[in-house]
1. May I ask which residue of 8, 21, 91 lies farthest towards the positive end of the charge dipole of segment 1-99, with charges of +1 (Lys, Arg) and -1 (Asp, Glu) on Cβ and the Cα centre as origin?
2. Using a 1.4 Å probe on the protein heavy atoms only, what accessible surface does residue 43 show? Give it in Å² to the nearest 10.
3. How far is helix 67-76 tilted, in degrees, relative to the longest principal axis of the Cα atoms in the chain, given as a value from 0 to 90 rounded to the nearest 10?
4. Suppose every K and R has +1 on its Cβ and every D and E has -1 on its Cβ; what is the size of the dipole of the chain about the Cα centre, in Debye to the nearest 20?
5. Can you give the accessible area of residue 83 in Å² (nearest 10), computed on protein heavy atoms with a 1.4 Å probe?
6. For residue 33, what accessible area in Å² do you get when you roll a 1.4 Å probe over the heavy atoms of the protein chains, rounding to the nearest 10?
7. Return the calculated 222 nm mean residue ellipticity for the chain, to the nearest 500 deg cm²/dmol, obtained by summing -39500 (n - 2.57) across DSSP H runs with n ≥ 4 and dividing by the residue count.
8. In the chain, with Lys and Arg counted as +1 and Asp and Glu as -1 at Cβ, which of these residues, 72, 102, 47, has the Cα nearest the positive end of the dipole, that is, farthest along it?
Amino acid sequence: MDLFARLAVTDLPRAIAWGDQLFGDVESFAPNDVEHVWTLGERVHVYVELLPEHAGHSAVTLFLDGFGDFLTAAAARGLRPQSEEVYDNGVRKANFVDPDGNEVGIGGGPA
């Protein structure tokens, strides 16, 4: 199985810059003039697509083993989550919001 999760955006260069800040130094590629893809794991991809009429309505959650490390690295690149939650079972979630209003949640197991 391959996973491609899409975020619809209004400004592709701005979205690429924001995604690079969030995801850091991962493999990425541009399959065409309106999309940019980040490879976050084996066969796991998040991509932005220039779709102004749908921008700001996307939500993706990634569950990571290195939750704290990811948040530290994103902060070092200038991004901090808009909000953070801890559920009753100890699972943590940090919500990042891109300039179009799309949500990228980063989840992690109990501390």
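The values are calculated or read from the model by the stated rules, or taken from the named source; none is laboratory data. In this text, all values refer to a predicted model and were calculated from it rather than measured experimentally. Heads up, the Cβs are rebuilt from the backbone with ideal geometry, glycines too, and the neighbour counts pull from every protein chain shown. Accessible surface is based on the protein model in full, side chains and every heavy atom, while ligands, DNA and RNA are left aside. Shrake-Rupley method; radii C 1.70, N 1.55, O 1.52, S 1.80 Å.
1. Among 8, 21, 91, the one farthest towards the positive end of the dipole of segment 1-99 is 91.
2. So the heavy atoms of residue 43 present about 110 Å² to solvent.
3. 60 degrees
4. For the chain, the charge dipole is close to 240 debye.
5. For residue 83, solvent-accessible area is about 50 Å².
6. About 140 Å², ignoring ligands and nucleic acids.
7. One gets -6000 deg cm²/dmol as the mean residue ellipticity at 222 nm.
8. Result: 72.
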